[in-house]
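See structure below.
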Amino acid sequence: MSAAASTILEGIRRNASSGFDVEEVRRDFPILGEKVRGKPLVYLDNAATTQKPRVVIERLDGYYRTENANIHRGIHFLSERATQAYEEARATVARFLGAADAREIVFVRGTTEGINLVAQSYGRKFIGEGDEIVVSAMEHHSNIVPWQILREQVGAGLRVIPMNDHGELLVDEYERLFSDQTKLVAVTHLSNALGTINPVGEIIQIAHRHGVPVLVDGAQAAPHLRVDVREIDCDFYAFSGHKLYGPTGVGVLYGKASLLDAMPPYQGGGDMISSVTFEKTLYNVLPYKFEAGTPNIAGAIGLGAAIDYLSKVRLDLVAAHERELLAYATEAVSAIKGVRIIGTAREKAAVLSFVLDGVHAHDVGTILDQDGIAIRAGHHCAMPVMERFGVPATARASLGLYNTREEVDALVGAIEKVKRVFGR
Ligand code: 7TS
């Protein structure tokens, strides 16, 4: 047997014994059977949003068909049932994150809203003039701009943790940023533009030594890594349902109960109060204090179904599959002459950002699309990262649990085609 054949056989054996079968997983996602411009869809834009398994689609459909009602208010049958399903989803999220209590799980619109909530509630109460917030050089705009808005409102400053040419944060430099004025650290767990997995446990430990709480942006990490908020001891953790094979318009802010309790409401309205008179309003208990108005009930329930699905296929097996696929893709794409990978950290997951000599990333994306291959091209809402690496944009393939080696091969073939089109 040739060396290549025995490697393939070994891979098959390994996957069979691990219980992760990517072909079986693919059958759970109806959209993967679609053709794009007559070609099979190759979906490599999972960092932007993921596709949805049938169980999530059917859960949403079932909710609207048989359970739809407003929650926390009706005494009728359907309202009780919808409330129960919504609260079960909260308990599912709490277990998924390893939270101590479901009261620490606030349903929001997504990561962006979760961060804005902390900035406007925690930030406006506990951060004042001359105080500082520490963010990293690889943040998504949604973990930069809310702090800049707060900066305008209260007169605080922003400090930035630098990174090296591989896209790894400089932890020693980070430690030097602390002063008595440091009031919060806000850092991403996994960079959407580079794929770097940050050592959040260490980052949090250092911050806590200085008595400073930490918010972790988990938008990209939650779908790819096992997260345990008590193990890493973060104070806040935010993620989005739609990047985790769940619906759009729903996400989660985890916060330690002691902090959430001390924070004022973010928005006012129904459900977040316990009593209202024109003179004085008393706020509801956690987590309802932060869920003003009718929430995305179906979305939360759908997110619960997505987490159940991930638990069933096992996130640890998904992570192993994606790690192997990223290594395969990295080797194949970097072997193409003229390609430069942006983001070469030792600890990486799911994201392969690259530039091609003499070709704009948007042109790469457009030509790939002709072959039914979906990637993202641009600054990935992380313009400071592009500036740091001296590129206007990158092409980015981002992996999900249903991607295969054949799809990576299709990507490589299509990049070669881009080179031919541009005479490179
Ligand atoms: N933080 C990170 C690290 C992200 O990657 C994103 C979205 C967000 C926050 C915002 O999440 P949202 O669900 O509230 O929008 N990132 C991307 C991306 O990489 N391509 O499209 C959206």
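The values are calculated or read from the model by the stated rules, or taken from the named source; none is laboratory data. Every value quoted in this text rests on a predicted model; they were computed, and no experiment measured them. Here the Cβ positions follow ideal geometry from the backbone for every residue, glycine too, while neighbour counts run over all protein chains shown.
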Condition check for THR182: crowded, with 24+ Cβ neighbours inside 10 Å, touching a Lys or Arg at 6+ places or on another chain (Cβ under 8 Å) and of a type outside the set (Lys, Arg): no
Of everything in region 379-408 that's over 11 Å from VAL22 (Cβ atoms) and without any contact (Cβ under 8 Å) to a residue 12 or more places away in the chain, which residue is surrounded by the fewest Cβ atoms within 10 Å (Cβ to Cβ)? GLY390
Subset tally (residues that are closer than 29 Å to GLY195 by Cβ and either part of a helix (DSSP H, G or I) or over 18 Å from the mean Cα position of the chain (by Cα) (or both)) for region 96-121: 12
Going through region 35-56 in order, the residues found to be assigned to a strand (DSSP E or B), of a type outside the set (Lys, Arg) and more than 13 Å from the ligand (Cβ to nearest atom) are VAL36, PRO40, VAL42, TYR43
Considering every residue within region 175-182, establish whether at least one is more than 16 Å from the ligand (Cβ to nearest atom) and touching a Cys at 6+ places or on another chain (Cβ under 9 Å). no
Is it the case that region 251-270 has a residue that's surrounded by 14 or more Cβ atoms within 10 Å (Cβ to Cβ), within 16 Å of the ligand (Cβ to nearest atom) and either among the aliphatic types (A, V, I, L, M) or assigned by TED's automatic domain parsing to the domain that holds SER398 (or both)? yes
Which pairs do you get when a residue that is at pLDDT below 95, found in region 78-97, comes within reach of a residue that is assigned to a helix (DSSP H, G or I), reach meaning Cβ atoms under 8 angstrom, with the pair 6+ apart or on two chains? none
Residue under evaluation ALA377, criteria (1) under 21 Å from the mean Cα position of the chain (by Cα); (2) modelled with pLDDT under 95, criterion not met: (2)
Filtered residue count, region 105-156, keeping only those that are in contact with a Pro (Cβ under 9 Å, 6 or more places away or on another chain), among the hydroxyl-bearing types (Ser, Thr, Tyr) and surrounded by fewer than 24 Cβ atoms within 10 Å (Cβ to Cβ): 2
If THR66 passes every condition in (1) under 30 Å from VAL25 (Cβ atoms); (2) within 16 Å of the ligand (Cβ to nearest atom) but one, which one does it miss? (2)
Are there any pairs with C-beta distances below 6 angstrom linking a residue in region 187-205 that is in the same structural domain as ASP235 (by TED's automatic domain parsing) and closer than 16 Å to ALA48 by Cβ to a residue that is near the ligand (Cβ under 7 Å from one of its atoms) and among the hydrophobic types (A, V, I, L, M, F, W, C), with the two at least 6 apart or on different chains, and if so which? ASN192/ALA47
How about region 239-254: which of its residues are over 11 Å from VAL108 (Cβ atoms) and of a type outside the set (A, V, I, L, M, F, W, C)? HIS242, LYS243, TYR245, GLY246, PRO247, THR248
